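The values are calculated or read from the model by the stated rules, or taken from the named source; none is laboratory data. Keep in mind that this is a model prediction, so the values were computed, not measured. Counting neighbours? That spans all protein chains shown, and the Cβs are built from the backbone with ideal geometry, glycine included. The area values use the complete protein model at the heavy-atom level, side chains included, leaving out ligands, DNA and RNA. Shrake-Rupley method; radii C 1.70, N 1.55, O 1.52, S 1.80 Å.
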Amino acid sequence: MRIDELLATQRPVFSVEFFPPKTPTGFELLFETVEALKPLEPDYVSVTYGAGGATRDGTVEIAERIKSEHGIEVMAHLSCVGETRDGLRAILDRFEGIGVENVLALRGDPPRGEEEFTPPEDGLSSAAELTEFITGDFGFTIGGACFPEVHPEADDLDSDLAYLKTKVDAGARFLITQLFFDNQAYFDFVAAARERGIDVPIIPGVIPIASFGQVARICSLCDATIPEELNASMEALGGDEEAEALLGAAYAARQCEELLAAGAPGIHFYALNRAPGTRAVLAALRASRPWERAGSGPDPRHARIQSPG
């Protein structure tokens, strides 16, 4: 099913992001995670993309297996990095051939060792260009990425939102945020986006921390902020990863509860191919159903969100 249709007909929509592993053991773990999460009925999963052949074949393989063997809807990621227009058409043809209907269009990060993104000859230079390219020749529902704390390469929020609007104008039907830990950043970002005419659903991306060191490294790469209180609480655990995972799940559950009670259209979980944290949080949300307490407040698919309280 197309994700824009899901977002238009139900609330909330839950999704989980996976990445193609590099080892056979990693593949086993990934599909064990899929099986563990399946009873909680995620509405779709997304599979990230490695440019230049790094993991793109894995993206197609994983997407096909999840859709055909596990019966879960899939969104495949696609980036501009290292791809010509013909190469992109070939990958999109493969997605189409395995029944994928949803694509997350990304520019992608520069290859390791390069500070700036340089498009290949006859390639594309931005996610907006990729979105327009896909809508011109294919029938996928397209999603885009956004950054509540501003994209690392943007000068400021205004310029970041101006560019984000070009993705929507090019055909992005929904947006998924980079991970964040302070819900106010999301509420403020959505309000600012609505003021600039960005009216598509903006889905918050949440990561249940399993290893604080790992997540801290991810945050340093994407300029995501860890609140001082959370950082101090994690540091106080002295590197005990079992305790970190318990705290991470509790924090993410509270974060998601507040987001959904305030009217967020769903949650996109960054699971890092592991089940326990996402499984615990999603199970808690299914049990407590905070979206039913949203009352008559504004729906972020169509209006400005106000922070609860």
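Here are the numbers for this structure:
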item	result
Odd one out for residue 129, checked against (1) without any contact (Cβ under 8 Å) to a residue 40 or more places away in the chain; (2) open to solvent by 60 Å² or more (accessible area, probe 1.4 Å); (3) touching a Cys at 6+ places or on another chain (Cβ under 8 Å)	(1)
Matching residues in segment 145-176 - criterion: being in a loop (DSSP other than H, G, I, E, B) and of a type in the set (A, V, I, L, M, F, W, C)	147, 150, 154
Segment 1-16 residues that are more than 21 Å from residue 257 (Cα to Cα), paired with ones that are small (Gly, Ala, Ser) and crowded, with 19+ Cβ neighbours inside 10 Å (beta carbon under 9 Å, 6 or more apart)	3/15; 3/143; 4/143
Residue list for segment 6-30, filter: within 18 Å of residue 76 (Cα to Cα), out of contact with any strand residue (DSSP E or B) (no Cβ under 8 Å at 6 or more places or on another chain) and assigned to a helix (DSSP H, G or I)	27
Test: residue in segment 253-264 that is touching a Gly at 6+ places or on another chain (Cβ under 6 Å) and free of Cβ contacts under 8 Å to residues at least 60 places away in the same chain	yes
Residue count for segment 179-197, restricted to those that are buried (at least 22 other Cβ atoms within 10 Å of the Cβ) and without any contact (Cβ under 8 Å) to a residue 60 or more places away in the chain	3
Odd one out for residue 160 among (1) free of Cβ contacts under 8 Å to residues at least 24 places away in the same chain; (2) open to solvent by 40 Å² or more (accessible area, probe 1.4 Å)	(2)
Number of the exception - residue 290 against (1) surrounded by 16 or more Cβ atoms within 10 Å (Cβ to Cβ); (2) more than 22 Å from residue 202 (Cα to Cα); (3) more than 20 Å from the chain's Cα centre (by Cα)	(2)
Segment 203-240, subset open to solvent by less than 10 Å² (accessible area, probe 1.4 Å) and assigned to a helix (DSSP H, G or I), residue farthest from residue 280 (Cα to Cα)	219
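Residue-by-condition table, conditions (1) within 19 Å of residue 45 (Cβ to Cβ); (2) part of a helix (DSSP H, G or I); (3) modelled with pLDDT under 95:
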site	(1), (2), (3)
242	no, yes, no
247	no, yes, no
252	yes, yes, no
268	yes, no, no
278	yes, yes, no
